[in-house]
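The values are calculated or read from the model by the stated rules, or taken from the named source; none is laboratory data. All values derive from a computational prediction rather than experimental measurement. Here the Cβ is made from the backbone with ideal geometry for all residues, glycine too, and neighbour counts use every protein chain on show. The accessibility values were calculated without ligands, DNA or RNA, using every heavy atom of the protein model including side chains. Shrake-Rupley method; radii C 1.70, N 1.55, O 1.52, S 1.80 Å.
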Amino acid sequence: MATILAIETSCDETAAAVVSHRQVLSSVVASQIDLHSRYGGVVPELASREHLLTIGDTVKEALLTSQLGWTDIDAVATTCAPGLVGALLVGMSVGKALSMVHQKPFLGTHHLEGHIYAAYLEHMDLQPPFLCLLVSGGHTSLIRVDGCGQYSVLGKTRDDAAGEAFDKVARLLELGYPGGPIIDRLAQQGNPRAFRLPEGNISLPEGGYHPYDASFSGLKTAVLRLVERLKSEGVDPLPLADIAASFQDAVVRALTKRAVRSAQDQDLPAIVLGGGVAANSGLRRTLSETAAAHGICVNVPSLKLCTANAAMVACAASDHIAHGHRSSLDLGVYSRLPLERVSELY
Ligand code: KG4
């Protein structure tokens, strides 16, 4: 397998990594959370400018830490979709320039494919087919993985991503940004049965519910209505830990139920958890326990591989290189690109 230098700038983390034979030789992540937290969310223009300032040092540090030189690098890979266009452009411009200067093949990589491949970095014996529950700030999908570039999206959110729901609920409870880790911590002191909140079922015209799709926007509104009701009843202070625990429990139940059901229906032996919300302690525990009860194994990533990083991008790219794939230097960036269309990048 090839040795890849990869760059990731799709949102608010500037990241570079060197990965060889699925071994992470270096992985550097410069987070912009402090910059964006004062605005309560990612400001796209600020993200692009910050990537510009940090990308040079981040790539240099990744190469230095790997103790390799450019002669050891087989290819350069960069996330080209999906993400913030201005942010993606910074990484893509640097990646293409490095590939031209050092005369290395170039690969544009799909960010969500990277999240799937993070699992291979820690579970060397993992083999497709498996189910990936990908839950981040921008995406919530159940993906059947049959091999490199072979993905079928079985289910998804119809509106807000799970991470977006965590961030929005944290904002309405005035807890800070990013909301996921704050709610996760607070929920540990609360009662998840304190308030019954909806699991985001999607009704079907013929009756019943969609087995895999979910809605998290209604759940966020339910929390808003709950807060309004408690305030109108004069409840002060608000039982924030109980609200956080009840909200997190509803999200975890919704995700776990759909993931286990789709793995069972598709006869898949393993579920891989990926994306920023994979760091959630409730989801990690409940999904692992419920799946194990049904004889399904769960691969939970270490915390450093849950959020955006370039090691997962390098890992995906090395498999594409092994399949003879290369990208053109004319490749653009895409704010959205369905995972099923990943082959169009090569
Ligand atoms: O994958 P990621 O780093 O960025 C995207 O590509 O979106 O995910 C960030 C999301 C944010 O919405 C953040 O609130 C959420 O992941 N998150 C969590 C936790 N840690 C991060 N959500 C729930 N529990 C956590 N512990």
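Annotations for the structure displayed:
- An oblate overall shape is assigned to region 30-182, the ratio a/c of its alpha-carbon gyration tensor axes (a ≥ b ≥ c) being 1.5 or greater and a/b not exceeding b/c.
- Helix 217-232 and the longest principal axis of the C-alpha atoms of the chain enclose an angle of approximately 40°.
- Here's the list of lysines a cross-link from residue 104 could span, going by alpha-carbon distance under 16 Å and ignoring same-chain residues fewer than 8 apart: 96.
- Close Lys pairs in region 127-300, defined as Cα atoms under 18 Å apart and 8 or more places apart or on different chains, number 4.
- For the chain, a simple Cβ point-charge model (Lys and Arg +1, Asp and Glu -1, everything else neutral) yields a dipole of about 380 debye relative to the Cα centre.
- Farthest positive-ward along the chain dipole, Cα basis, beta-carbon charges - from 20, 195, 287: 195
- Extending 7 Å from Cα along the Cβ direction at residue 194 and again at residue 53 yields two label points whose distance is 3.8 nm.
- Extension gain, residue 97 back to residue 326 (0.36 nm per residue minus Cα-Cα distance, nm): 80.9 nm
- Helical mean residue ellipticity (222 nm; -39500 (n - 2.57) per DSSP H run of 4+; nearest 500) of the chain: -13500 deg cm²/dmol
- The magnitude of the dipole of region 1-158, with charges of +1 and -1 set on the Cβ of Lys/Arg and Asp/Glu and taken from the Cα centre, is near 360 debye.
- Between 0 and 90°, nearest 10: helix 111-122 axis offset from the chain longest Cα axis: 80 degrees
- Using alpha-carbon coordinates, inclination of helix 85-101 to the longest axis of the chain, degrees: 20 degrees
- Inter-probe distance in nm under a simple model that places probes 7 Å from Cα toward Cβ, at residue 126 and residue 33: 2.2 nm
- Sparsely packed chymotrypsin sites (Phe, Trp or Tyr not before Pro) within region 23-131, loop by DSSP, other Cβ within 10 Å at most 13: 39
- Counting only DSSP beta bridges whose two residues both lie in region 127-300, roughly 60 percent are antiparallel.
- Take the chain with all the other protein chains still there, run a 1.4 Å probe, and you get 42 Å² of accessible area per residue.
- Protein accessible area in the chain, 1.4 Å probe - carbon and sulfur %: 52 percent
- Springs between Cα atoms under 10 Å define the GNM used for the chain, and in it the highest mean-square fluctuation of 139, 123, 111 occurs at 123.
- Rounded to two decimals, the Cα-based Rg/Rh of the chain, with Kirkwood Rh, is 0.99.
- Loop-located trypsin sites (Lys or Arg not before Pro) in region 24-70, at most 12 other Cβ atoms within 10 Å (DSSP): 38
- Mean separation of Cα pairs under 8 Å and 6 or more residues apart, divided by the residue count, gives the chain a relative contact order of 24 percent.
- The charge dipole of region 127-300, taken about the Cα centre with unit charges on the Cβ atoms of Lys, Arg (+1) and Asp, Glu (-1), comes to about 120 debye, rounded to the nearest 20.
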